[in-house]
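Attaching a single structure in structure tokens format; questions to follow.
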Amino acid sequence: MPDNRLKRKKLHKKLFTKNRLVILNEDTFEELFSFKLNLMNVFVTVTSSAILLISFTTYLIAFTPLREFIPGYSSSKLKKDATVLALKSDSLSNALKKNEAYIKSIQKVLTGELEYAKFNKDSILATSDEIPSKVDLSPSKQEMDLRNQIAKDENTPLSNANKKNKK
């Protein structure tokens, strides 16, 4: 324990010992300016200036158009244009599907597969809408076997004893 105190006192003495930094003119030995410093002041000054420099650089890159020069970072205009183009391509693909269904129906009328009286653009477009397929959610035979096995396991005396102990 005393060794720790001695080490702390030595460190404290080194950190707070006053030193003088003097800048002299080499030819005339005239003192231009001088500072009284200690190691702790130098450490605090260097650390705070490094933090300020890092935060200023981060702010400059994050909130100005300089961020567009970072590789892999796209501009906001480019993102906006990509979103608009994606919406346009989606609407164009839907229009293309409707037009294809309409053209197929017209071909059916022209070839005689469909009577003209039954030909209606609205009914054709309504049938061209994609209807999701129905999914069979009924349990399979294997699933029913597993359920029955679990139900039997729950009715065993050992599991009933565990249930009583938990209450």
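Condition first: in a helix (DSSP H, G or I), aromatic (Phe, Trp, Tyr) and loosely packed, with under 10 Cβ neighbours inside 10 Å. Now tell me which residues in the range 16-71 satisfy that.
PHE69
Could you tell me whether the range 115-136 includes any residue that is among the aliphatic types (A, V, I, L, M) and at pLDDT 80 or above?
Checked against the condition, which is being among the aliphatic types (A, V, I, L, M) and at pLDDT 80 or above, the range 115-136 yields no hits at all.
For the range 72-90, does any single residue satisfy the condition of being without any contact (Cβ under 8 Å) to a residue 40 or more places away in the chain and either within 30 Å of LEU11 (Cβ to Cβ) or over 36 Å from the mean Cα position of the chain (by Cα) (or both)?
no
The values are calculated or read from the model by the stated rules, or taken from the named source; none is laboratory data. Just so it is clear, the structure is predicted and the values come from calculations on it, not from any experiment. Cβ sites come from the backbone with ideal geometry, for glycine too, and all protein chains shown count toward neighbours.
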